[in-house]
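K.L.:
This is the structure, below, for whatever I ask next.
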Amino acid sequence: FRCCRGSQWTPKMMKWGALTSCPEGMIGIGRFCIDQFEYPNHYGVTPQKELSWEEAQGVCTKLGKRVCTESEWTLACEGPDWKGYPYGSEYHSGRCATKDGKGLEVSTSGEFEQCVTPDGVYDMTGGVWEWTSQDDGSGGVLRGGGSVLSAGLGRCRSRAYVCTYVRMYVRTYVC
């Protein structure tokens, strides 16, 4: 999961405007900030996984942040041009920690240096699933796909609900 801060972005807010500043370790996307890496938001550290939706919310709250909404997460991953992958509109094998790039092993944050958005947010696809909050506030949903996805499926729009088999590869999620 990642935490966000600032005005909550929704699809109705199509205006793209940069924030003047974000706290260290966060990247400005439109009118909100998002963690640069998965929690614990440090380069070279294995992302936290196997947390429940409620645990992810608690972590972000303790940090003075909140779990990102699906819309915020998608905007950070695809950018204002709504590209399919964090790095562009075409799939490139091995760029992110998907099954064809790393196998089932969970990678450390930033390990896949080409799996970065133009804004500087790393590892939005592959690796472990990430908790987001549904835009209507009705609960959590997993985004970004995990290392179990095969070639071409690690898109920004990959989405799942918590399942038992997914839990071991989840950054903070379930089916």
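K.L.:
Output the residue which, of all residues in segment 85-101 that are touching a strand residue (DSSP E or B) at 6+ places or on another chain (Cβ under 7 Å) and part of a loop (DSSP other than H, G, I, E, B), is most open to solvent (accessible area, probe 1.4 Å).
P.N.:
Restricting attention to segment 85-101, the residues satisfying the condition of being touching a strand residue (DSSP E or B) at 6+ places or on another chain (Cβ under 7 Å) are 86-87, 91, 96-98, 101.
Now drop any that are not part of a loop (DSSP other than H, G, I, E, B), which leaves 86-87, 91, 96, 98, 101.
Working: Pro86: 3, Tyr87: 42, Tyr91: 63, Cys96: 8, Thr98: 5, Gly101: 29 Å².
Of everything passing the filter in segment 85-101, Tyr91 is most open to solvent (accessible area, probe 1.4 Å).
K.L.:
So how many residues does segment 77-112 have that are among the basic types (Lys, Arg) and modelled with pLDDT of 85 or more? Give the steps one after another, and end with the answer.
P.N.:
First, the residues of segment 77-112 that are among the basic types (Lys, Arg): 83, 95, 99, 102.
Retained after the next criterion (residues that are modelled with pLDDT of 85 or more): 83, 95.
Residues meeting the conditions: 2.
K.L.:
Continuing with this model, one more query. Considering only segment 41-58, how many residues are assigned to a helix (DSSP H, G or I) and either of a type in the set (S, T, N, Q) or in contact with a strand residue (DSSP E or B) (Cβ under 7 Å, 6 or more places away or on another chain) (or both)? Explain how you work it out, then say what you get.
P.N.:
Just the residues of segment 41-58 that are assigned to a helix (DSSP H, G or I), to begin with: 53-58.
Add one more test, that the residue is either of a type in the set (S, T, N, Q) or in contact with a strand residue (DSSP E or B) (Cβ under 7 Å, 6 or more places away or on another chain) (or both), and what stays is 53, 56-57.
Matching residues across segment 41-58 total 3.
K.L.:
Still on this structure, I have one more. From the list Thr74, Thr61, pick out the single residue that is open to solvent by 50 Å² or more (accessible area, probe 1.4 Å), modelled with pLDDT of 90 or more, assigned to a helix (DSSP H, G or I) and over 15 Å from Val128 (Cβ atoms). Steps first, answer last, please.
P.N.:
Values: Thr74 fails: open to solvent by 50 Å² or more (accessible area, probe 1.4 Å).
The match here is Thr61.
K.L.:
Shifting gears a bit: Among the residues of segment 43-53, is there at least one that is modelled with pLDDT of 95 or more, over 16 Å from Cys156 (Cβ atoms), surrounded by fewer than 21 Cβ atoms within 10 Å (Cβ to Cβ) and of a type outside the set (A, V, I, L, M, F, W, C)?
P.N.:
Taking every residue of segment 43-53 in turn, at least one turns out to be modelled with pLDDT of 95 or more, over 16 Å from Cys156 (Cβ atoms), surrounded by fewer than 21 Cβ atoms within 10 Å (Cβ to Cβ) and of a type outside the set (A, V, I, L, M, F, W, C).
Every residue, every condition in (1) at pLDDT 85 or above; (2) within 12 Å of the chain's Cα centre (by Cα); (3) assigned to a strand (DSSP E or B), yes or no:
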residue: Gln114; (1), (2), (3): yes, no, no
residue: Gly120; (1), (2), (3): yes, no, no
residue: Glu130; (1), (2), (3): yes, yes, yes
residue: Val141; (1), (2), (3): yes, yes, yes
residue: Gly146; (1), (2), (3): no, yes, no
residue: Ser150; (1), (2), (3): no, no, no
residue: Leu153; (1), (2), (3): no, no, no
residue: Val166; (1), (2), (3): no, no, no
residue: Thr172; (1), (2), (3): no, yes, no
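The values are calculated or read from the model by the stated rules, or taken from the named source; none is laboratory data. Just so we're clear, the structure is a prediction, and the values are computed from it rather than from any experiment. Positions of Cβ are generated from backbone atoms using ideal geometry, with glycine treated the same way; all protein chains shown enter the neighbour counts. The accessibility values were calculated without ligands, DNA or RNA, using every heavy atom of the protein model including side chains. Shrake-Rupley method; radii C 1.70, N 1.55, O 1.52, S 1.80 Å.
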